[in-house]
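Mind looking over this structure? Questions follow.
The values are calculated or read from the model by the stated rules, or taken from the named source; none is laboratory data. It should be emphasised that the depicted structure is a prediction, and the values quoted were computed from it without experimental measurement. Every residue, glycine among them, receives a Cβ derived from its backbone with ideal geometry; neighbour counts consider all protein chains shown. Protein only, heavy atoms only, side chains kept; ligands, DNA and RNA dropped before computing areas. Shrake-Rupley method; radii C 1.70, N 1.55, O 1.52, S 1.80 Å.
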Amino acid sequence: MTDPEQHSYSRADLDRLGEKVAKGRTAAGLDPAPARTRADTAMGDGLRIAIEFVVSVLVGAGLGYFIGGLLGGAVIGLLIGLLFGFAAGLRGVYRGMMAGSAESAEEGTRDEPGV
C-alpha cells in the first residue's frame with residue numbers, strides 16, 4: 001500500500017490545480033460564462049433610456065439657451081430648446097421601448113432556451 005504522507009499536497013498546490021481545471025473547462029466550452037438574467041437586462045435598459053432622456057432635455061435646453069443668447073432672447077431660446085430636447089428624449093424612449101419589445105418577441109420564438 002502507499003503511505004498517506006507520501007502524497008501530501010499543500011493547499012496552494014490544490015488551488016493551482018483547481019484553477020487549471022477551471023481554465024481548461026472554460027476553454028473547452030464546458031463552463032460557459034454566466035448569462036445575464038432578464039432582470040439585469042431590463043434594469044440596464046431602463047437606466048440607459050432614462051439617462052438618454054435626461055441628457056436629451058439638458059442638451060436641448062443648453063443649446064436653446066446658447067442660441068437664444070446669441071439672438072437676444074435667452075429665455076425664449078431656453079423654452080424652445082427644452083421643447084426640442086423633450087421631443088428628442090421621447091423619441092429616444094420610444095426607440096428604446098420598441099427595441100426592447102422586439103428583443104422580447106425574438107426571445108419568445110427561440111427553439112432552445114438560454115441561447
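For Met98, Met43, write out the residues from largest to smallest accessible area, computed with a 1.4 angstrom probe and no ligands counted.
So, going from the largest accessible area down, we get Met43, Met98.
Let me ask another. What FRET efficiency, computed as 1/(1 + (r/R0)^6) with R0 = 22 Å and r the Cβ-Cβ distance, is obtained for Val93 and Met43, rounded to the nearest 0.05?
0.90
What's the FRET efficiency of Leu83 with Glu106 using the Cβ-Cβ distance as r and R₀ = 41 Å, to the nearest 0.05? Let's see the in-between values first.
Details: r = 35 Å, r/R0 = 0.85.
Approximately 0.70, to the nearest 0.05.
Starting from 0.36 nm per residue, how many nanometres of slack lie between Leu17 and Ile51 once their C-alpha separation is accounted for?
7.7 nm
Sort the following peptides by mean Cβ neighbour count (other Cβ atoms within 10 Å, averaged over residues), highest first: 46-53, 70-77.
For the peptides 46-53, 70-77, the packing ranking is 46-53, 70-77.
State the extension gain, in nm to one decimal, for the chain segment bounded by Ala74 and Tyr9, taking 0.36 nm per residue of separation less the distance between their alpha-carbons.
Once the chain is fully extended between Ala74 and Tyr9, it gains 15.8 nm.
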